[in-house]
1. Partner chain Cβ atoms within 10 Å, averaged over the residues of B:107-116 - can you pull that number for me?
2. Tell me the per residue accessible area of the stretch B:48-100 using a 1.4 Å probe; a whole number in Å² is fine.
3. If you plug each phi of the stretch B:27-37 into the Karplus form 6.51 cos²θ - 1.76 cosθ + 1.60 with θ = phi - 60°, what whole-Hz ³J(HN,Hα) values come out, in order, with x for Gly and Pro?
4. Pull up all non-local amide H partners of residue B:99: gap of 5 or more, or a different chain, and H-to-H distance under 5 Å with H placed in the peptide plane.
5. Just to verify a number: FRET efficiency for residue B:98 and residue A:40, C-beta to C-beta distance, R0 = 45 Å, to 0.05?
6. Could you pull out every residue, at least 5 positions away or on a different chain, whose amide H is within less than 5 Å of the one on residue A:49? Hs are placed 1.01 Å off N in the peptide plane, and Pro or chain starts have none.
7. Could you go through the stretch A:111-117 in sequence order and give the Karplus-derived ³J(HN,Hα) for each residue, using 6.51 cos²θ - 1.76 cosθ + 1.60 with θ = phi - 60°, rounded to whole Hz, and x for Gly and Pro?
8. Using a 1.4 Å probe and counting only protein heavy atoms, how much accessible surface gets buried when B and A come together, both sides summed, in Å² to the nearest 100?
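The values are calculated or read from the model by the stated rules, or taken from the named source; none is laboratory data. Everything numeric here is computed off the predicted structure, so don't read it as measured data. When we count neighbours, we look across all protein chains shown, and the Cβ atoms used for this are built from the backbone with ideal geometry, even at glycine. In case anyone asks, the SASA skips ligands and DNA or RNA and just uses the protein heavy atoms, side chains included. Shrake-Rupley method; radii C 1.70, N 1.55, O 1.52, S 1.80 Å.
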Amino acid sequence: MDENNISMDENNTESSDDEAQSIPLDNDAKAVNIGTGVRVDGRIEGAETSDISGTLTGTLKSSNINISNKGVFSGDMSGQEITISGSVDGEINSDDYLIVNNSANIKGVIEYASLQVSYGARIQGTLRHRGSVQSYTPVTDDEVKEDLNNESQEGDQ
Amino acid sequence: MALFGSSEKKPEVKTEFMFDTDSTIDQSTLAKDVKINGSLESTDYIDFSGHLTGTIKSSTINLKPSSYVKGTITADTITIEGEVDGDIQAKDIYIKSTARIKGNIRYHNIDIQNGSIINADLFYSS
């Protein structure tokens with residue numbers, strides 16, 4: 001088991017003096033960090049935070065996803081809060097908010113609830129807004145009854 | 001071709017209407033109650049709050065929150081705060097939080113504020 005921990009250290013090379021240092025190695029944070037120059041093929045699931053500075057091909061499911069300037073992703077990704085500064089080819093599904101920074105280059109299908117794109121970003125593909133239906137909140141029966149009660153009370157006075 | 005909905009007849013005002021002849025910007029403002037079927041073209045600046053079915057073409061187009069355009073919009077710079085159903089083509093496109101867009105967007109630079117609802121195909125052109 002210790003061998004696994006040691007192999008994970010490869011990501012934290014001396015050159016990365018940025019945020020990687022602040023993440024403790026022993027954690028239960030379900031964090032994934034793919035460093036610059038690292039290539040990963042496959043499927044990542046159940047992660048809480050994913051920082052991609054390297055190259056990831058496959059499927060990524062994580063609550064928070066951050067594709068940094070140097071990050072390259074191809075495949076399907078889904079998450080709640082997604083920030084893209086690098087390049088993405090494939091499908092992006094965001095339940096909560098999606099931030100596309102000006103250095104981003106995206107090709108594919110984007111499904112989003114809340115989207116913010118900075119001037120300069122390149123997006124080639126389809127945008128689909130989800131939650132157009134959710135934003136509409138129908139009046140419940142209870143609220144109608146309450147209104148009726150209020151009206152009748154006012155009438156009595 | 002164009003049909004201007006000048007339904008509101010205002011009472012005659014005696015004061016003389018002054019045109020700002022020194023103005024360097026040729027700005028057209030089309031109010032909320034304006035409805036156009038056809039095409040709207042300008043070489044400078046259009047501030048649009050009405051409803052339009054057809055095409056709208058200008059150097060700068062400002063589609064205000066109450067605006068609705070069904071058709072084609074072509075400009076250098078477009079700011080969208082209203083509703084658009086159709087094709088949008090511009091070098092710079094600014095989509096504000098109140099915007100509702102359906103259709104195709106061709107752009108060189110795009111800026112999207114959160115809150116906007118966009119169901120569209122995006123095409124980047126250099």
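1. Values: counts 2, 2, 6, 8, 7, 11, 4, 9, 3, 6.
Shielding by partners across B:107-116 averages 6.
2. Computed with neighbouring chains in place, this is 37 Å² per residue.
3. 9, 10, 10, 10, 6, 4, 8, 7, 10, 10, 10
4. B:117
5. Computed FRET efficiency for residue B:98 and residue A:40: 0.65.
6. A:31, A:32, A:64
7. 10, 9, 9, 9, 10, 10, 10
8. Working: alone 8350 and 10550 Å², together 17280 Å².
Counting protein atoms only, the buried area is about 1600 Å².
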